[in-house]
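Enquirer: Structure in structure tokens, see below.
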Ligand SMILES: Cc1ncc(COP(=O)(O)O)c(C=O)c1O
């Protein structure tokens with residue numbers, strides 16, 4: 001009864017462990033949740049007020065498929081301000097979260113059998129989305145010795161006549177690695193030379209600590225013509241449930257993305273679009289507090305892990321840290337399972353992210369919880 005295409009798709013591993021953690025919490029157990037994939041802050045009240053206003057004023061009908069013009073104009077203004085990127089409103093399509101924007105992009109770019117390079121460690125959904133769009137995920141394993149920074153020779157060695165597209169994610173979920181400008185320049189040269197598209201998932205680009213974010217599309221007209229830049233309000237404004245993300249692409253691609261979206265979901269929620277417009281209109285200081293809080297938590301986590309003598313990748317962005325567990329004698333699933341059952345601490349195994357030697361720790365929880373989690377980690381590894 002079920003299609004072979006559906007059977008081929010793996011369920012989200014992150015959602016499974018999150019469900020187990022929720023179950024333990026519901027039973028009244030004092031779980032430390034290092035597994036979350038979303039900011040723990042409430043959505044800022046100004047944003048919520050705009051949504052209430054939208055409802056009360058009857059802004060509850062269909063909007064243009066690609067989003068209301070005010071929001072698309074605002075997005076152009078913000079990406080110009082943030083990353084010096086020049087886009088016109090007709091190049092922006094607002095979707096139901098960044099995830100939907102990535103899926104639409106792949107759907108528009110891929111023919112059956114087209115290959116997509118995915119850099120490992122990678123966000124769990126990329127290979128599955130490529131498969132859903134009849135493409136073939138080609139994994140490029142970055143080296144631990146490079147701290148999971150790109151290896152350009154390795155990337156080049158994976159390019160074939162069928163390579164259509166590369167998915168780039170900086171800052172990276174799960175490692176927190178931020179690509180250096182010179183690395184992006186080299187990737188852009190490769191993409192232009194081989195006429196390969198880049199889908200640049202920049203959903204964490206406003207959560208940067210001691211590094212700087214560069215948008216690959218900003219490196220020149222030739223690469224901008226081959227790039228779809230993805231972003232959204234989910235992580236920066238603590239709006240994961242509102243489901244607003246977008247793609248910025250060459251006009252002919254944006255038209256195709258809007259066409260596909262128009263046949264499947266139509267516009268993203270009208271009320272959420274108003275909320276996103278309000279989010280993008282906030283002053284910088286109003287969101288800077290959240291970024292600074294993440295940075296403090298990251299620093300506490302790093303200091304605690306160093307004290308325990310553990311190996312990890314120092315994150316420069318997002319709110320995740322990749323912790324090595326293979327040298328403690330565990331696979332990533334073993335570690336996650338035992339740590340949860342013995343110490344009631346939830347982490348996400350690295351295997352679904354393409355690396356079974358590590359687990360992902362999210363520091364989108366309070367300082368007190370991080371400190372308690374570190375204490376339990378100390379007990380766990382010494383016990
Ligand atoms: C790398 C990456 N891209 C995209 C998304 C999806 O974002 P959204 O909630 O806006 O769909 C996530 C969410 O976890 C993510 O980690």
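Enquirer: One residue is enough: does segment 63-74 have a residue meeting the conditions away from the ligand (no atom under 16 Å from the Cβ) and buried (at least 23 other Cβ atoms within 10 Å of the Cβ)?
Expert: Yes; the residues of segment 63-74 include at least one that is away from the ligand (no atom under 16 Å from the Cβ) and buried (at least 23 other Cβ atoms within 10 Å of the Cβ).
Enquirer: Quick test of your reading of the structure: residue 306 fulfils all but one of (1) within 16 Å of the ligand (Cβ to nearest atom); (2) surrounded by fewer than 24 Cβ atoms within 10 Å (Cβ to Cβ); (3) under 30 Å from residue 144 (Cβ atoms). Name the failing condition by number.
Expert: (1)
Enquirer: Kindly indicate whether any position in segment 322-345 is under 30 Å from residue 82 (Cα atoms) and either at pLDDT 95 or above or part of a loop (DSSP other than H, G, I, E, B) (or both).
Expert: yes
Enquirer: While we're here: What pairs come out if I take residues in segment 293-322 that are assigned by TED's automatic domain parsing to the domain that holds residue 373 and pair them with residues that are within 16 Å of the ligand (Cβ to nearest atom) and part of a helix (DSSP H, G or I) whose C-beta lies under 9 Å away, six or more apart or interchain?
Expert: 318/294; 319/294; 322/353
Enquirer: Hey, another quick one. Suppose we keep only residues that are surrounded by 20 or more Cβ atoms within 10 Å (Cβ to Cβ) and not in a helix (DSSP H, G or I) within segment 86-102. Which one would you say is farthest from the ligand (Cβ to nearest atom)?
Expert: It comes out as 87.
Enquirer: Out of 35, 51, I need the residue that is in the same structural domain as residue 291 (by TED's automatic domain parsing) and surrounded by 14 or more Cβ atoms within 10 Å (Cβ to Cβ). Which one?
Expert: After ruling out the rest, the residue left standing is 35.
The values are calculated or read from the model by the stated rules, or taken from the named source; none is laboratory data. Since the model is a prediction, treat every value here as computed from it, not as a measurement. Reconstructed Cβ throughout: ideal geometry from the backbone, glycine too, with neighbour counts over all protein chains shown.
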